[in-house]
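Asks: Got a structure here, written out as structure tokens. Questions coming.
The values are calculated or read from the model by the stated rules, or taken from the named source; none is laboratory data. These numbers come from a predicted model, not from an experiment. Cβ coordinates were reconstructed from backbone atoms using ideal geometry, including for glycine residues, and neighbour counts include every protein chain displayed.
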Amino acid sequence: MAFLAHEVNAIADEQHAQLRAHAEAARTWGDRIYSIFFVAVAGVVALLLFLQHAIRREIAARQAAHAELAESEAKQAQLLRELQSANEELANFAYVASHDLKAPLRAIASLAQWISTDYADRFDEEGREQIALLLGRVRRMDRLIDGILQYSRVGRVREPRSVVDLNELVAETVDLLAPPAHVRVKVGRLPTLKIERTRAQQVFQNLIGNAIQYIDKPEGEVSVACERLAGEWHFTVRDNGPGIESRHFERIFQMFQSLAPRDRHESTGIGLSLVKKIVETHGGRIWVESKIGLGSVFHFTLPLSLPTASREDSGVAFDEQLDPSGRGRRRGRDDGASRVPRTEGHESADPAG
């Protein structure tokens, strides 16, 4: 019996030991689970705190951006008001220039013309030269005012776009310029575009007029051409004149700049700056290539996005040359083309750069 009791006690002790081991293991796993849970909760809290801080920073950044945008919009609005005010002042200047400045000029011109006519027999050679000089200066000032007015209107005063055959436009422009008999003007095939006709004529009138005016050779030649390149129309006006030094390539497109003495060539120095503004306002570029003694090539581009108008008889290539009398024109091709009459009220651009 003692042996049996001993065995029972041993088994009971072993079971108690196993129970204690299981309880200890359970406590260990509980501690581990609690630790893991605590770490997870701490991580979530830390993540939430980080996200809260990040959100606050994002909100602060957005508020700063909105404040900066509001300040920028306020500045833009102020600049827009200043620009509108400047445009109004420019419009007022145009009115003053066209009325208050030109009226005295007309009076001076009329008086000088009256003196030169009624008192011509009382003047010596020097007196007649001085009167002629006075009339020339009045005409130059009148053209200068017109040039400034035209420059101020570019981009501000627009006319409705219309379908313009540039072949006819350039032919009409050459007729208006009436080049001397020794200057031959050749015009290649040009496109028909939907553009502002007056602005287009001002561009060609100034470029072709400059080329004709500065020809210094017994046989002058001016050629106008166009080709379609990637994304743009590329126009050229080429001459065999005296050429331009490369250091003047940028200067000639500035206001009131003229390379030749104005007593030799009547010029206001506005023509090329007007052309540049017109071309750039329409999304194009303009530049010049030239060599002394070999002539110049003026390039300008217009976006290919300008609407085109295809017609069977538009864009016909032809060569054009004034006859020795200085009137009319002879065509190499397209002899049956009709002459386009000059538009009444057309703004005559000063053909001088």
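Asks: For the condition of a type in the set (Gly, Ala, Ser) and at pLDDT 85 or above, what is the one hit in 67, 42, 94?
Replies: Details: 42 fails: at pLDDT 85 or above; 94 fails: at pLDDT 85 or above.
The conditions single out 67.
Asks: Tally up the residues in the stretch 169-218 that are of a type in the set (A, V, I, L, M) and in contact with a Pro (Cβ under 8 Å, 6 or more places away or on another chain), please.
Replies: Here is the first cut: in the stretch 169-218, the residues of a type in the set (A, V, I, L, M) are 169-171, 174, 176-178, 181, 183, 185, 187, 190, 193, 195, 200, 203, 207-208, 211-212, 215.
From what's left, in contact with a Pro (Cβ under 8 Å, 6 or more places away or on another chain): 177, 181, 185, 193, 208, 212.
Here the count works out to 6.
Asks: What do you reckon, is residue 288 in contact with a Phe, Trp or Tyr (Cβ under 8 Å, 6 or more places away or on another chain), modelled with pLDDT of 90 or more and under 17 Å from residue 242 (Cα atoms)?
Replies: In short, yes.
Asks: Looking at the stretch 244-253, can you tell me whether even one residue there is at negative phi and touching a Pro at 6+ places or on another chain (Cβ under 9 Å)?
Replies: Scanning the stretch 244-253 turns up no residue that is at negative phi and touching a Pro at 6+ places or on another chain (Cβ under 9 Å).
Asks: Any chance you could count how many residues in the stretch 236-258 are modelled with pLDDT of 90 or more and among the charged types (D, E, K, R)?
Replies: So the count comes out to 2.
Asks: How many of the residues in the stretch 134-183 are of a type in the set (Ser, Thr, Tyr) and at pLDDT 80 or above?
Replies: Here the count works out to 2.
Asks: So, one more: With the structure loaded, tell me whether residue 203 is part of a helix (DSSP H, G or I), under 22 Å from the mean Cα position of the chain (by Cα), at pLDDT 90 or above and crowded, with 20+ Cβ neighbours inside 10 Å or whether it fails that test.
Replies: Against the criterion (part of a helix (DSSP H, G or I), under 22 Å from the mean Cα position of the chain (by Cα), at pLDDT 90 or above and crowded, with 20+ Cβ neighbours inside 10 Å), residue 203 qualifies.
Asks: Considering only residues that are closer than 26 Å to residue 304 by Cα and at pLDDT below 90, which ones fall in the stretch 210-231?
Replies: Within the stretch 210-231, 229, 230, 231 meet the criteria.
Yes/no matrix, rows are residues, columns are (1) touching a helix residue (DSSP H, G or I) at 6+ places or on another chain (Cβ under 6 Å); (2) under 16 Å from residue 296 (Cβ atoms); (3) part of a helix (DSSP H, G or I):
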{"position": "167", "(1), (2), (3)": "no, no, yes"}
{"position": "174", "(1), (2), (3)": "no, no, yes"}
{"position": "181", "(1), (2), (3)": "no, no, no"}
{"position": "186", "(1), (2), (3)": "no, yes, no"}
{"position": "189", "(1), (2), (3)": "no, no, no"}
{"position": "194", "(1), (2), (3)": "no, no, no"}
{"position": "199", "(1), (2), (3)": "yes, no, yes"}
{"position": "207", "(1), (2), (3)": "no, yes, yes"}
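Asks: Could you identify the single residue in 111, 83 that is assigned to a helix (DSSP H, G or I), under 21 Å from residue 150 (Cβ atoms) and out of contact with any strand residue (DSSP E or B) (no Cβ under 6 Å at 6 or more places or on another chain)? Walk me through it before giving the result.
Replies: Numbers: 111 fails: under 21 Å from residue 150 (Cβ atoms).
Of 111, 83, the one residue that is assigned to a helix (DSSP H, G or I), under 21 Å from residue 150 (Cβ atoms) and out of contact with any strand residue (DSSP E or B) (no Cβ under 6 Å at 6 or more places or on another chain) is 83.
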